[in-house]
Each structure stands twice: as structure tokens, then as C-alpha cells.
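The values are calculated or read from the model by the stated rules, or taken from the named source; none is laboratory data. Note that the structure is a prediction, hence the values are computed from the model and not measured. All Cβ positions, glycine included, derive from the backbone under ideal geometry; neighbour counts span all protein chains shown.
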Amino acid sequence: MNLSFTAPFKTSKLSIAVLVVSSLFVSPLVFAAGGGDAPEIKRQEWSFSGFFGRYDKAQLQRGFGVYNEVCSSCHGLKLLSYRNLAEKGGPEFSKEQALAIAKEATVIDGVDDEGEPLERPGKLSDRFVPPFKNEAAARSVNNGAYPPDLSVMAKARTFHRHVPWYTEPYYWLYDITTGYEEKGVDYLYALLMGYKTAPRGVVLNDGMSYNTVFPGHQIAMAAPLSEDAVEYADGTPTTLDQHARDVSAFLAWTAEPHLNARKDMGKRVLLYLVILALLLYLAKRSVWSRVKH
Ligand code: HEC
């Protein structure tokens, strides 16, 4: 008896690969229609996204301007030093500019003979001075809410897509194959752009604002940005979108200051592997050329 099974059609390895890869790219479009009450947070184009992205230093400088003039009155950046502003791979301000920024801050450095705090202007080596002395002080002027430190906020936040659970693996693969690692930055941008008037029937608590992407939709931070919140020195038009984009990019850098170096190293490794593969192939051909077959 012949028990062997023959497939009714021929499948080559290549066609299976094509099927898998194409389904990977098509599926997010098909499943994106799923919905909840919150709007989908959209994937934005960033200069630093993708395998070969890099920070745009002009954008980081503008983003610092927005942070400095708007956000810094409530949010600290305690992991950042003023000297970082002049380092490679960041906003790359000149040393003099970074020093001028540092000098605007007042640093408490020990106590004098009478036990009073000694104040001095900031230096390049100082960490960013926080806006409040402690959490209680911050809460007391923010209606009881605490404005969190923003140093690594771009890495600390993410979002969940409103898609059926069984499509999640597709998204994981899609994100990996397209090098998507800016979910936190996309959330920050969406948060800053997400202030709307509350829909009818939604009652906001005292001092709260309605935000479409913040979990629960009630946030204790009033919309911090407006069309002309900050003047840009480089002449870039000031729009809400531009401000939100620039400050989000700046916070992406504070959360990952070595991204440029990391991606540059990645490029070199890829180049090395390509050259190595070529050499190995040529070596193999030359070694086997002496063997008769
Ligand atoms: C007047 C004070 C104030 C200013 C100015 C301000 N914030 Fe906030 N921010 C807050 C408070 C308070 C919270 C906590 C909100 C809450 O928990 O409901 C907050 C929360 C946040 C969060 C965390 C949201 C989350 O998912 O938990 C981010 C991110 C943020 N602010 C970014 C910014 C940025 C960027 C700016 C400048 C463009 C800014 N904030 C300006 C007070 C402020």
C-alpha cells in the first residue's frame, strides 16, 4: 500500500517566504480598522527613526528652546548636565552657548557660615536644576499633581494599539522589521497635540483638562503649548505642531543621547558583514576551484 502523500500543488521555499513577508506588511493595514474610544496614536516620521536615522541638531536646538521656555517651569531633566548640550550627537550648542544656558540657572552649593544656602550661577558640569525643591512643593502649585521628570520620559511611555489580540504578533514583527522604536516619542507628540474640549457628557474634575490620548482622558497638566509659545531663532514657522514635534524630538534625545553613535556603529557592522560575506564567498570559490566535480 502506498501511504505517501503528495501535495496538490507545488510550494517552493521562495513562495512561502514571499507569502509570509507580504502578509506581514499588509496585515497592519487590514487590522488597523479596529477601534476603541481613544484615537489611534499615529506613527510619526522622525529624522532619527529607522535603521539609519540620526537626530537633526537644528530640531533638537529648537526643542530645547521649547523645553526651556515652557516645560522647565514644571518639569525637571535631572539626568542631564548642561555640558551635554554641547556634546556630539545632541543639539550641539557651542560651549559658550551651553555655558550661557547653565549660567541662567541658580545652583545651591553648600551653606555659608550662618547656615544659609549658598547660591551660585550654574556651570557646565552641573546637572539641570529642577524647578521645585521637592515633590511636595511641586504638588502644592499643581493642584496636587506631580509633574514628572522628563529625562527618560520618551522611553518610559508607550501605547497599545487598538487591535484584536490575535493580530499582535504581526505588529511585533512589523515593528521589528521596520526598526520602529519611537512609540514613546509618538505618545509624547500625541499627548501634546491631544488637548480637545471635552465631549458632551464628560465632567472634568477641578483643574483637569481633557486629553484624547492620556489614559482616562483627564490630565492635571493644562495644554502647555500654543501656536506662538516660543520664537525660533532659526526662522522656522511657529505652529503648535512644530513645537510639539521639536520638544518631543528633544526629549527623545535626552532619553537616548547616544542614538547617533549606536546607529553609526550599526552601519559599520553591516558594512563589515557585507565585506566579510563577499570575502568568504571568494575564498570558498578559490578553494573549491581546485576540486574536480
Ligand atoms: C504648569 C506646569 C506644567 C507645564 C508648564 C508643563 N507640564 Fe507637563 N505635566 C504637569 C503636570 C502637573 C503633570 C502630571 C499630570 C497628571 O498626572 O495628570 C504633567 C505631566 C506631563 C507628562 C506625563 C504624561 C503621562 O503620560 O504621564 C508629560 C510627558 C509632560 N507633562 C510633558 C510636558 C511638556 C513636553 C511640557 C512643555 C511643552 C510640559 N509638560 C509643560 C505640569 C506641567
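Number of residues in the stretch 132-168 that are surrounded by 14 or more Cβ atoms within 10 Å (Cβ to Cβ) and of a type in the set (A, V, I, L, M, F, W, C): the value is 9.
Any chance you could count how many residues in the stretch 66-111 are in a loop (DSSP other than H, G, I, E, B), of a type outside the set (Gly, Ala, Ser) and under 13 Å from residue 125 (Cα atoms)? Steps first, please.
First, pick out the residues of the stretch 66-111 that are in a loop (DSSP other than H, G, I, E, B): 70, 74-80, 87-94, 104-105.
Next cut, of a type outside the set (Gly, Ala, Ser) only: 70, 74-75, 77-80, 87-88, 91-93, 104.
Within this subset, residues satisfying the condition of being under 13 Å from residue 125 (Cα atoms) are 78-80, 87.
Number satisfying all stated conditions: 4.
Meeting the requirement of 2 or more residues that are at pLDDT below 95 and more than 16 Å from the ligand (Cβ to nearest atom), the helices (runs of 4 or more DSSP H) wholly within the stretch 147-216 are 168-177. For the stretch 67-109, name all the residues that are of a type outside the set (Gly, Ala, Ser) and within 16 Å of the ligand (Cβ to nearest atom). Once the filter is applied, which keeps residues that are of a type outside the set (Gly, Ala, Ser) and within 16 Å of the ligand (Cβ to nearest atom), the stretch 67-109 yields 67, 68, 69, 70, 71, 74, 75, 77, 78, 79, 80, 91. Say whether the condition of being assigned to a loop (DSSP other than H, G, I, E, B), free of Cβ contacts under 8 Å to residues at least 12 places away in the same chain and away from the ligand (no atom under 11 Å from the Cβ) is met by at least one residue in the stretch 134-145. Looking through the stretch 134-145, at least one residue is assigned to a loop (DSSP other than H, G, I, E, B), free of Cβ contacts under 8 Å to residues at least 12 places away in the same chain and away from the ligand (no atom under 11 Å from the Cβ). Here is the figure for the stretch 250-293: residues that are basic (Lys, Arg) and surrounded by 14 or more Cβ atoms within 10 Å (Cβ to Cβ) total 1.
Condition check ((1) closer than 22 Å to residue 187 by Cβ; (2) in contact (Cβ under 8 Å) with a residue 40 or more places away in the chain; (3) buried (at least 16 other Cβ atoms within 10 Å of the Cβ); (4) touching a helix residue (DSSP H, G or I) at 6+ places or on another chain (Cβ under 7 Å)) across all residues:
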| residue | (1), (2), (3), (4) |
| --- | --- |
| 47 | yes, yes, no, yes |
| 52 | no, yes, no, yes |
| 69 | no, yes, no, no |
| 72 | yes, yes, yes, no |
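The set of residues in the stretch 51-64 being within 16 Å of the ligand (Cβ to nearest atom) and over 13 Å from residue 245 (Cβ atoms) consists of 61, 64.
List the pairs whose first member sits in the stretch 240-261 and is assigned to a helix (DSSP H, G or I), whose second member is among the β-branched types (Val, Ile, Thr), and whose Cβ atoms are under 6 Å apart, counting only residues at least 6 apart or on separate chains? Close Cβ pairs (under 6 Å, with a partner that is among the β-branched types (Val, Ile, Thr)) amount to 243/66; 246/66; 247/66; 248/185; 252/185; 255/152.
Applying the condition of being β-branched (Val, Ile, Thr) and over 16 Å from the mean Cα position of the chain (by Cα) to the stretch 241-293 and asking which residue is nearest to residue 76 (Cα to Cα) yields 269.
Of the residues making up the stretch 127-148, those that are closer than 20 Å to residue 104 by Cα and not hydrophobic (A, V, I, L, M, F, W, C) number 4. All but one of (1) in contact (Cβ under 8 Å) with a residue 24 or more places away in the chain; (2) under 23 Å from residue 248 (Cα atoms) hold for residue 97, so report the exception by its number. Only one criterion in (1) in contact (Cβ under 8 Å) with a residue 24 or more places away in the chain; (2) under 23 Å from residue 248 (Cα atoms) is unmet by residue 97, namely (1).
Among the residues of the stretch 169-180, write down those that are closer than 30 Å to residue 226 by Cα and either buried (at least 18 other Cβ atoms within 10 Å of the Cβ) or of a type in the set (A, V, I, L, M, F, W, C) (or both). Hits for the stretch 169-180: nothing passes.
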